[in-house]
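I have placed the structure first, in the form of structure tokens, so that the comments after it can refer back to it.
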Amino acid sequence: MKDERGSDYFNIEEGKNQFVLLSHFHPLRQVFDPGTKKYRVAVEGDKNISIKGVCWVWQDGAVKQAKMPYVVVKAVRALRDDPDWDFKFPFPHVLTLNAVGAGTKEVKYSLTPSPKQVAIPQEVLDELAKKPTPEQIVEKIKEGKVSQRNDVDTSEQPNDGYEYPTEEINPEDIPFGD
């Protein structure tokens with residue numbers, strides 16, 4: 001399924017999605033509004049909060065903003081904590097995110113890093129240096145200064161009042177820009 005949100009954003013599509021992770025994640029707490037079929041920033045008292053990891057990736061020769069599902073953030077955290085990987089940002093390995101059922105609430109993800117290092121061109125690093133940090137992006141979203149881009153096509157989610165399930169998430173597990 002092709003997402004038409006623009007080439008400046010990393011869009012998860014069915015099958016293999018390859019990218020290089022350029023930055024750390026910063027949590028964005030959202031809730032799905034079945035009435036508008038869009039996500040909005042979560043506020044105190046909301047239930048069924050979905051947490052995404054906002055970050056920068058390099059894909060198809062471009063630096064792109066991404067909102068990664070929590071399961072992907074956890075998989076990257078496992079790589080970071082594995083002593084066999086010399087983990088730093090940017091992480092100079094191609095990551096393959098396989099999505100089965102992309103665009104549905106039943107989507108399943110798996111993440112596989114390539115052991116082979118890739119050279120990240122200086123112009124990519126220079127462009128990244130000019131971009132806002134993941135924290136700044138989340139703040140702008142919270143202030144309503146930028147629209148929220150969703151990494152799933154919500155048009156297939158019915159406006160039926162169903163509370164879409166989310167995994168129990170500890171927000172402290174997400175921000176690892178250390």
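Within the range 45-59, the presence of at least one residue that is more than 12 Å from the chain's Cα centre (by Cα), farther than 30 Å from GLU123 by Cα and free of Cβ contacts under 8 Å to residues at least 60 places away in the same chain is confirmed.
Considering the range 9-30 alone, what residues qualify as being within 14 Å of ALA62 (Cα to Cα) and of a type in the set (Phe, Trp, Tyr)? Residues satisfying the conditions are TYR9, PHE10, PHE19. So which residues in the range 75-84 are crowded, with 16+ Cβ neighbours inside 10 Å and among the hydrophobic types (A, V, I, L, M, F, W, C)? Listed by number, the residues that qualify are ALA75, VAL76, LEU79.
You will find that of PHE19, PHE87, the residue that is within 26 Å of PRO121 (Cα to Cα), over 11 Å from the mean Cα position of the chain (by Cα), without any contact (Cβ under 8 Å) to a residue 24 or more places away in the chain and surrounded by 14 or more Cβ atoms within 10 Å (Cβ to Cβ) is PHE87 and no other.
Of all the listed residues (VAL72, VAL118, VAL94, VAL76), the sole one being closer than 28 Å to LYS37 by Cα and either out of contact with any helix residue (DSSP H, G or I) (no Cβ under 7 Å at 6 or more places or on another chain) or in contact (Cβ under 8 Å) with a residue 40 or more places away in the chain (or both) is VAL72. Counting only residues that are in contact (Cβ under 8 Å) with a residue 40 or more places away in the chain and assigned to a loop (DSSP other than H, G, I, E, B), which one in the range 22-43 is surrounded by the fewest Cβ atoms within 10 Å (Cβ to Cβ)? Selected residue: GLY35. Between LYS130, LYS64, the distinction of being of a type in the set (D, E, K, R) and touching a strand residue (DSSP E or B) at 6+ places or on another chain (Cβ under 8 Å) belongs to LYS64 only.
One line per residue, one yes/no per condition, for (1) within 22 Å of ALA129 (Cβ to Cβ); (2) of a type in the set (Asp, Glu); (3) at pLDDT below 95:
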position	(1), (2), (3)
ASP3	no, yes, yes
VAL20	yes, no, no
PRO27	no, no, no
VAL31	no, no, yes
LYS37	no, no, yes
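Against the test of being at pLDDT 50 or above, at negative phi and exposed (fewer than 11 other Cβ atoms within 10 Å of the Cβ), the options LYS140, LYS130, LYS105 yield a single qualifying residue, LYS130.
The values are calculated or read from the model by the stated rules, or taken from the named source; none is laboratory data. Since this is a predicted model, take the numbers as computed values, not measurements. Every residue, glycine as well, gets a Cβ built from its backbone with ideal geometry; the counts of neighbours run over all protein chains shown.
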